[in-house]
Structure formats: structure tokens, C-alpha cells
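Worksheet: one structure, shown below.
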Amino acid sequence: MKRSLILLLLLFITTVAFCKDKKKPKPFARSRWKETIRMKPDSSFVAFKDTLFISFRGKDTFSYHYMTGFVYTGAYIFNEDSILDFGTASFRVLLSKPAKLVLANDAGIYQFVPDSSDTVKAIFIPKDEKILPVTDIDQMIGHWTVYKKTSEDHNNVPDVGFQIRSAYITGASTDGKLGYLYGGNDADNDPSWYIKNFGSDQSLQCEGKKARFLKVIKCQNGEMILEEDGMKYFFKQFK
């Protein structure tokens with residue numbers, strides 16, 4: 001009996017010590033990173049043009065995109081095993097220092113340095129700009145990426161999965177779909193909504209995991225603005 005108690009006590013101490021060592025790491029400080037070196041898992045160097053950019057924001061949120069690609073945004077998870085999970089992609093953090101970040105996954109190893117470039121530069125609407133009506137879905141054709149979001153009610157903001165990340169508007173097609181909307185957690189080949197109709201009141205009727213209607217506020221000069229329940233999404237097209 002005494003020996004059993006001793007064994008249980010030793011097991012308890014070991015478990016506590018293990019849990020203590022596996023503390024959840026602190027979230028990343030606000031920072032922006034640019035990929036400079038890419039390697040295969042065997043550490044051989046790989047030439048690349050689709051540079052990866054990562055931005056860590058407040059409250060465990062992020063954005064990342066490849067050069068001229070879609071901008072993914074949302075909340076990340078960084079666990080005690082050094083796994084950085086963006087939802088649409090995950091990496092193991094090999095090194096994290098103020099001047100260098102090294103990530104890895106099954107495809108390879110990625111080295112980053114602090115980024116001071118303007119890869120997602122905001123577009124500001126001139127005060128005297130005249131907003132023209134959008135009368136046809138064809139005026140909106142193209143790949144659009146959200147660069148800014150605003151909400152009238154900060155206490156009633158939809159979750160990341162429901163917030164729009166990007167839009168691919170095709171115009172009329174044989175399947176009756178006018179385009180697609182991607183939520184914050186959607187993969188590039190799996191949008192959550194498709195655009196069913198463009199109304200005379202400049203509204204997009206969307207079907208998918210939940211029906212939704214978005215008002216088209218603007219679509220001109222390389223910028224599109226959609227609004228839904230007090231939430232505005234500002235889009236631009238990356239060249």
C-alpha cells in the first residue's frame with residue numbers, strides 16, 4: 001500500500017513537471033515578415049517567386065499572402081508544441097527572434113526577415129470622388145481581396161469564418177452562378193458561398209452555408225465596397 005502511494009506521488013510529480021514545461025507560448029508581437037529563403041525538407045535551396053508575407057496583429061490575429069495572391073486573415077493558434085496554425089495552413093516554428101523567423105512544414109523550410117515593404121497598401125477614397133451606380137454584374141468581374149473591414153457595432157462582429165476574405169466574380173455562367181465569396185477559413189478551392197443574383201437595388205444574393213445579401217456600395221477605380229448588416233468590406237484587385 002505504502003509503495004503504491006509512493007508510485008502515485010512520483011507519477012503526479014512527473015505529470016505536473018511535464019505540464020509546467022509545456023506552458024502555452026506567448027502570442028507573437030505585432031510584426032510583419034517577408035520570406036527570403038526557401039528550402040526542401042533536406043535543407044537544399046529552392047528558387048521561388050511566390051514570396052510569402054506574414055503579418056502578426058493584436059489579439060492572436062494574422063494575415064498572410066503569397067506575392068499577388070489572396071490575403072488570408074483570421075485568428076491563429078500557437079501551441080506548446082511550437083505549431084503555428086492559421087486554419088488554412090500550419091507550420092512548426094523552428095526559430096523566432098526579432099530579426100529572423102524560421103518556419104517548417106512537410107513541404108519545406110521557410111526563413112523570414114522583418115518586412116518594411118508596402119505589399120498590401122490601402123486605397124483611400126478621395127472625399128470628392130463621385131460614386132457611380134453599379135448597373136450590371138459585369139462591372140464587378142475579377143478577383144477581389146479584402147484589405148480593410150469596418151463595423152458600426154464592434155460588439156456584434158461576425159466570426160472569422162463568416163467574414164468575407166475575398167470574392168471571385170465571373171458574371172453570367174452556364175451553371176447560373178455569378179461568382180463566389182470566400183470566408184476567412186475557406187481554402188482557395190472551397191468557397192462558402194456563390195452569388196446567385198445581382199438585384200436592381202445593387203444587392204448580391206448569395207447562397208451557401210447560409211443565405212446572405214450584400215449591398216454593393218461602390219465598384220470603380222480598382223476598388224469595390226460591399227456592406228452587410230453594418231459591416232463594410234473594402235476590396236482591391238492585386239495585379
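Taken over segment 88-120, the residue count meeting the criterion of being part of a strand (DSSP E or B) and polar (S, T, N, Q) is 4. Summed over segment 69-87, residues that are modelled with pLDDT of 80 or more and in a loop (DSSP other than H, G, I, E, B) total 7. Can you name the residue in segment 148-176 that is assigned to a strand (DSSP E or B) and within 24 Å of I77 (Cβ to Cβ) and is also nearest to the chain's Cα centre (by Cα) among such residues? Here the residue is R165. A Cβ distance below 7 Å, combined with a sequence gap of six or more or placement on separate chains, defines the contacts here; from segment 146-174, residues that are surrounded by fewer than 18 Cβ atoms within 10 Å (Cβ to Cβ) reach residues that are among the polar types (S, T, N, Q) and part of a strand (DSSP E or B) in the pairs V157/S151. Filtering segment 48-68 to residues that are of a type outside the set (S, T, Y) and under 20 Å from K26 (Cα atoms) leaves I54, F56, R57, G58, K59, D60, F62. When the test is whether a residue is among the aromatic types (F, W, Y) and modelled with pLDDT under 90, F12 passes it. Being touching a residue at least 60 places away in the same chain (Cβ under 8 Å), touching a His at 6+ places or on another chain (Cβ under 7 Å), more than 16 Å from F162 (Cα to Cα) and not hydrophobic (A, V, I, L, M, F, W, C) is a property that holds for Q237. Taking each residue of segment 78-90 that is within 23 Å of F162 (Cβ to Cβ) and looking for partners that are exposed (fewer than 13 other Cβ atoms within 10 Å of the Cβ) with beta-carbon atoms closer than 7 Å, six or more apart or interchain, yields T88/A187.
Listed here are the residues, each with its yes/no results for (1) under 19 Å from the mean Cα position of the chain (by Cα); (2) surrounded by 16 or more Cβ atoms within 10 Å (Cβ to Cβ).
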{"residue": "W193", "(1), (2)": "yes, yes"}
{"residue": "F198", "(1), (2)": "no, yes"}
{"residue": "L204", "(1), (2)": "no, yes"}
{"residue": "F213", "(1), (2)": "no, no"}
{"residue": "V216", "(1), (2)": "no, yes"}
{"residue": "N221", "(1), (2)": "no, no"}
{"residue": "G230", "(1), (2)": "no, no"}
{"residue": "F235", "(1), (2)": "yes, yes"}
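The values are calculated or read from the model by the stated rules, or taken from the named source; none is laboratory data. Everything numeric in this text was worked out from a predicted model, so none of it was measured. Cβ sites come from the backbone with ideal geometry, for glycine too, and all protein chains shown count toward neighbours.
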